[in-house]
Every structure is written in structure tokens, then in C-alpha cells.
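Throughout, read-outs are computed from the coordinates displayed, never taken from laboratory work. None of the values given here were measured: they were computed from a predicted structure. Using ideal geometry, Cβ is built from the backbone for each residue, glycine included, and neighbour counts are taken over all protein chains shown.
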Amino acid sequence: MHKKNKELANIFERMADILEFLGDNPYRINTYRRVANVISEMGEDVEEAFYSGKLQKISGIGASSLLKIEEFLKTGKIKKFEDLRKKVPEDLLDLMEVPGIGPKTLRIAYDKLGVRSKEDFIKVLKDGRLARLKGFGEKKVKNILRGLEIWEKSKERIFIIEAYSIAEDIVEYMKDLDVIRDISIAGSLRRMKETIGDIDILVSAEKGNWYKIHDHFVKYPEVHDVLLKGETKSSIILNNGRQVDLRTVEPYQWGSALQYFTGSKEHNVHLRDIAKNMGYKISEYGIFKADTEERVGGATEDEIYSTLGMQTPPPEIREDWGEIELAMEHKIPELVSIEDIKGDFHMHTNWSDGLNTLEEMVEECIRLGYQYMVVGDHSQSSRVANGLDPERYREQWKVIDKLRERYEKEGFYILKGCEVDILPDGSLDLPKDILEEFDFVVASIHSRFSEDNTYRILKAMENPYVNLIGHPTGKAYGQREGYPLDMDRVIEMAKETGTALEINTFRADISPEYIRKCVEKGVMMAVVTDAHAVTHLKYIKVGVGLARRGFAVPQYILNTYDIEGVRDFVKRKRYALK
């Protein structure tokens, strides 16, 4: 994200937080949040967009907000924000990010118990004073404490979407140097783990160019502090507090260094034990004969593994989960790849809570090389997400029909879809007569996250019009761990009914363990972005990485099927369950 976009988005978001704490007009609060959303998701610099007149044409940014944006661009500050921030302790506002702590809770603690800091708030939670206030109680306080624990843990590590975005930007920045031979993300991010510690980047180049590479790295525009600048390794802290490490190796060491710094530790220890038993030694510098120290490979990762008579395991599964044994037998299957993906089944437009128009989402999907997309705006129960009732869906379909006339001639297909709410009794938020008119239906739970929701999902899958269960476990990193669920039973029912399960990129839901179980049971899955803006669609790459961690093969990933295959998938379930 551009620096000024980030600063402005943070200011508008913080103003909304303060106004919410103060009990201000909900309309103004929501307006500020929408402006923050639009600016943070813009693909271009907000200053350029403002002075070119493009920003003024974006829906959701009114005259008052534009004046504030202009003030910031000219002075670097917004007076309204400076005045507001004096009214509430900054420490308390940070707590509004915690699951279960809303502005009303903080305001009550502020007024009734004199809470002025995070430490004050934790104290009244633990000593029982908050629990004794009307409307609280021990159960609510216990949930808040759990939310605090989840929030604190989320601050310690980087969620994969954020880490991938940071790493991608730095890799592009480093590619400006023509002396770099190879460059790759390494570490747990290359393995596509759900959360990352520090971001690792590996570069190969001739030794004479290493100083130039490290000098360029520490001058990255988002650098807040340089922890280390060396000849082989440099470490920086970014403005957002995240650490990035860069290492340089010579080209002949590239493969062995990449293998070593990708990990995992468990995978590498197991691999080195095998090498030792075969008379070899492996390090980041290469693979050597143990008795003579003769270097026999290391320019590529394949040289390391093939010397030991193994397949090269894809980075995503290098966790000592059985991949080494499969590699020894040359039985690792061909995992799904980004090149296999032909479409996305779950995205939102500005008809509900998305930021972009239908046409803008279509254009980006075409740019990504897709053959089709499913429009999946929320249904009516999701009021906070501006969910659509049947009448508004039919209005949307008229727009889709016009777009189809244009784009189907070019071989791109827009499927009429929805993300329908699964209600507490397992029924759906839309009547049968409109469900059967959709081309594709995603059904999701958006309420009662503390309850066991197994029954709701099983019931929804029995509906012949439900094709995909959205974010099945309800997990949302940094917000909640997911609701109680018998996932094994859900997988069984998915198989019985011909329903797919969603691998949701922005929630990292479902886990590699359950993806692997789906593959073993022959259950279809779909990798989705759940995009709420054009800029989110590119993260399908992360979703594919998550799928690969679960040993997902193209056969069980619906996105790898062409438009006729998708239509056939929908028809088979409708025919079987009607």
C-alpha cells in the first residue's frame, strides 16, 4: 500500500473509533470507515487520485471527507482528528480491535470504573469489578479475556496475507537491481504457513555485488530501522513493525541455501539424517560426500533431493508430515498450482459490502486469466453487510445480463451467485424459488459463533441448491478461533450430498489437516478469495498455497474445472437431491 494511503486510512479509521467511543452519529462513523476502506484498497496513490479528480468520482467519499483528505495532502494533518484524539486515551482505542470488546464496553469501563489504559481494563477484568456491573457477568468477562489472548497472539506473528503482500512488494523493489541472479521468499512464508514470524528473502548474486544489494535493501522506502547491515545478511524493521531479513549467497549455492532457509526445521533434520545414512552431508552451502568433503550438488534444490534418490517435495509440504517418505518412493502427487485455476467462486461487489463495481471485478478476473467468476454478494440477513433481498438480486441480475452480452463473446462467463446466510435452524436466508435461479450458491454462517454449528451446516448441505459451504469452521485469524464443529461429519456429508467445502484465503479456513482429509475422502473443495475489493483477487495465490499444504490435487479443486465442468457439478447435485 502507498504510504499516504496507509496514513490516511489509519486516520479515518481512528476517527471512526473515537466517535464510536463517544457515542456519535452512526452514519458519520460508518462514513469514515468506508472512506478508510476505499483508500486502503485503492490500487494507486491517493494523492495522484485526488489531484487527477478520480477520487472525487468514487462512491462513498463525500465533500466533507474530500476536504479532510485535501487538508492532509497539503499539511500532513487533519485538524478534526487532532482535536478528537485528545478526548480519548489512545491505549483504550487500541482495545477496540479485540474480539468481544466494543465501544460500549469500553465506555462503561471508562465512566463507571475509571479505566484509562489497557492495564486498567485488564485489572477490572481480573479483579471482578467489570463482571459485577449490570449487563456483564463472569461468562462475558471470560470471553473478553479469551479475546484479549487471541488478539495478543495475533500481534506476535504476521498473518499470511499481510506477510505475502509485504514480501511481494520487497521482492519487486529488489528486482530493480540487474545484478541479482535469483530471488525468492524463503522460510515459513514460502511454506505458506498460516502465520509467519519474520519474513525471509534469499538472493543469489556474484559476491562482488553483495554490498550493492544490501545497500539497496536497507534503503527500502518503508524502513523504520536497520537492525543489521552486513555482507551476507541484513535485517530491517518496517514502519508497521514487521521484521524482514535478506541473505545473499553465490549462484552455485542457490539451491542448497534455498532448501535450508525454507525449512521446516523438522523436515531438514529428517533429511539430514537420511543423507548421513547414505554417506552425505547437507548444509546451506551444498551437499557433500561425508568421507571426502567433495561437493556433489547445491546449485538447485533438485540437486539436493535427487542426489538422495528423492523427488523434490513442494515447499508447502516440507513439515515432516510424511512427505519425505513419499518423496523416497516418488509418490508425491502433482499438487494444484496457480496455473490450474480457472475462476473464483466467492467475491463481493458494491451491491453488498464490496468496494468495487461488478464490471471492475470482471475486468480484474479477466486480467488474472480466468474463464469465469461467481458474483457472491450477501443475502438479506447480513444487514451490516448491506445484504440483498430477492428483489435486489433480480436487479443485480439485469446488470449481469448486460455484462454477459459483452463478455461472453470474449469467452468469459459471469455466474449469478450469492453468499446466503445459514440461519440458526439450518434453513437458508432466501426462498427456494430464487435459490433455484442462481447459477451457484455459497452458504455460510455469520452468527452464533460460540455455539456448536454442526447441525446448521449439515442441514444446509441437504439443500439441493447449496454448492459450496463458505468458511466452514468460522475461523477468523486475530478475531476468533472458530465455532465448535464436528468437521469429520461435515466432510462426510459433503461427500454424500455432492457439496464443496471452501478454502477461504482471507480466513485460512480450512486447515491443511482437513484439506488432506477431504482429498482422502474424495470431497470437492474450492479455493476462494472472498474478495471485497479488486485488490483482494490476486491473493488467490495464497489460497492455492494453503491448498497445497493440504496435499490438494487438481481433481478435488473445483476451480481447476472449466465452465462446463462447474455447471455439471451444480446440475449433478440438483438432480440427485431434488
> Going 7 Å from the Cα of ASP178 in the Cα-to-Cβ direction, what parts of region 200-228 have a backbone nitrogen less than 17 Å from that spot?
Replying inline: 205-206, 209-210, 212-213
> From the square roots a ≥ b ≥ c of the eigenvalues of the alpha-carbon gyration tensor of region 1-158, which class results: rounded (a/c under 1.5), prolate (a/b over b/c), or oblate?
Replying inline: prolate
> Gain in length, GLU325 to TYR252, computed as 0.36 nm per residue apart minus the alpha-carbon separation, to one decimal in nm?
Replying inline: 23.5 nm
> For labels at ARG116 and GLU408 in the simple 7 Å Cα→Cβ model, what's the distance in nm?
Replying inline: 6.7 nm
>> On a 20 Å Cα-Cα criterion, which of the cross-link pairs LYS4/LYS80; LYS193/LYS475; LYS475/LYS571; LYS193/LYS538; LYS229/LYS281 come out too long?
In response: LYS475/LYS571; LYS229/LYS281
>> How would THR262, THR560 line up from fewest to most surrounding beta-carbon atoms within 10 angstrom?
In response: THR560, THR262
>> Taking the alpha-carbon distance from LYS74 and a cut-off under 19 Å, which aspartates and glutamates remain once sequence neighbours fewer than 8 residues away in the same chain are dropped?
In response: GLU7, GLU44, ASP45, GLU47, GLU48, GLU82, ASP83
>> Please arrange THR31, THR505 by how many other C-beta atoms lie within 10 Å of their C-beta, fewest to most.
In response: THR31, THR505
>> Filter LYS3/LYS219; LYS86/LYS123; LYS212/LYS265 down to the pairs with a C-alpha to C-alpha distance above 19 Å, please.
In response: LYS86/LYS123; LYS212/LYS265
>> Going through the cross-link list LYS142/LYS521; LYS104/LYS126; LYS118/LYS541, which pairs have a Cα-Cα distance over 28 Å in this structure?
In response: LYS142/LYS521; LYS118/LYS541
> So, in region 296-420, how many Lys pairs have Cα atoms under 20 Å apart, if the pair is 8 or more places apart or on different chains?
Replying inline: 5
> Dipole of the chain, Cα-centred, from +1 at each Lys and Arg C-beta and -1 at each Asp and Glu C-beta, to the nearest 20 debye?
Replying inline: 1900 debye
>> Averaging over every viewing direction, what projected area does the convex hull of the Cα atoms of region 502-546 cover, in nm²?
In response: 2.8 nm²
> Per residue Cα convex hull volume for the chain, in cubic angstrom?
Replying inline: 181 Å³
>> At 37 °C and a viscosity of 0.692 mPa s, what translational diffusion coefficient does Stokes-Einstein give for region 158-249, taking Rh as the Kirkwood radius over Cα pairs? Give it in µm²/s as a whole number.
In response: 252 µm²/s
> Among HIS471, HIS446, which comes first, second and so on when ranked by fewest other beta-carbon atoms within 10 Å?
Replying inline: HIS446, HIS471
> Expressed in whole Å with the largest first, what are the equivalent ellipsoid semi-axes of region 225-296 derived from the C-alpha gyration tensor as the square root of 5 times each eigenvalue?
Replying inline: 31, 15, 8
> Which shape class applies to region 338-577: rounded if a/c is under 1.5, otherwise prolate when a/b exceeds b/c and oblate if not, where a ≥ b ≥ c are the square roots of the Cα gyration tensor eigenvalues?
Replying inline: rounded
>> Tell me the mean residue ellipticity at 222 nm calculated for the chain from its helices only (DSSP H runs of n ≥ 4, each -39500 (n - 2.57), averaged over every residue, nearest 500).
In response: -13000 deg cm²/dmol
> Percent antiparallel among DSSP beta bridges with both residues in the chain, to the nearest 5?
Replying inline: 45 percent
>> Report the rotationally averaged projected area of region 115-193 based on its alpha-carbon convex hull, in square nanometres.
In response: 8.2 nm²
